[in-house]
Amino acid sequence: METTLMLVGDRWKMLIVRDLLTGTKRFGVLKKSLTGISQKVLTDHLRIMEENGLIHREVYAEVPPRVEYSLTDLGLSLKPIHDAMWKWGEEYKKKLANEEN
């Protein structure tokens, strides 16, 4: 569990995984989806996740340069973890709503 938390256990990394599970995204699309993340933090996280083998970064020789991010097979293997976290969160919200009624 420690290794998993080291790789994806902060505020933004699983949200990056969430966004990339639906397909390849450009930096601007990721930034827009991750409300509140700074450009520097997103850049740093993407680099770290690329170094860890979770993300593939493709740079196209265009003007201006186009950069796209996608999950590697290793990154895609996080889908069951993502899905379990989503399900738990939904059940938690339902439980809270029921307790308020």
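The values are calculated or read from the model by the stated rules, or taken from the named source; none is laboratory data. What you see is a predicted model, and the numbers here were worked out from it, not measured in a lab. Every residue, glycine among them, receives a Cβ derived from its backbone with ideal geometry; neighbour counts consider all protein chains shown. Ligands, DNA and RNA are excluded from the accessible area calculation, which covers all protein heavy atoms including side chains. Shrake-Rupley method; radii C 1.70, N 1.55, O 1.52, S 1.80 Å.
Residues being open to solvent by 50 Å² or more (accessible area, probe 1.4 Å), part of a loop (DSSP other than H, G, I, E, B), closer than 15 Å to E68 by Cβ and of a type outside the set (S, T, Y): count how many of those fall in segment 4-32. The qualifying residues number 0. Provide a single number: the residues in segment 39-49 that are touching a helix residue (DSSP H, G or I) at 6+ places or on another chain (Cβ under 9 Å), within 18 Å of G9 (Cα to Cα) and either open to solvent by 50 Å² or more (accessible area, probe 1.4 Å) or touching a residue at least 24 places away in the same chain (Cβ under 8 Å) (or both). Final tally of qualifying residues: 5.
Residues that are surrounded by 12 or more Cβ atoms within 10 Å (Cβ to Cβ), modelled with pLDDT of 95 or more, of a type in the set (F, W, Y) and assigned to a strand (DSSP E or B) occur at least once in segment 50-70.
When segment 1-28 is filtered for residues that are under 12 Å from the mean Cα position of the chain (by Cα) and among the β-branched types (V, I, T), the ones remaining, listed by number, are V8, I16, V17, T22, T24. Against the list (1) open to solvent by 60 Å² or more (accessible area, probe 1.4 Å); (2) assigned to a helix (DSSP H, G or I); (3) not hydrophobic (A, V, I, L, M, F, W, C), the condition T35 fails is (2).
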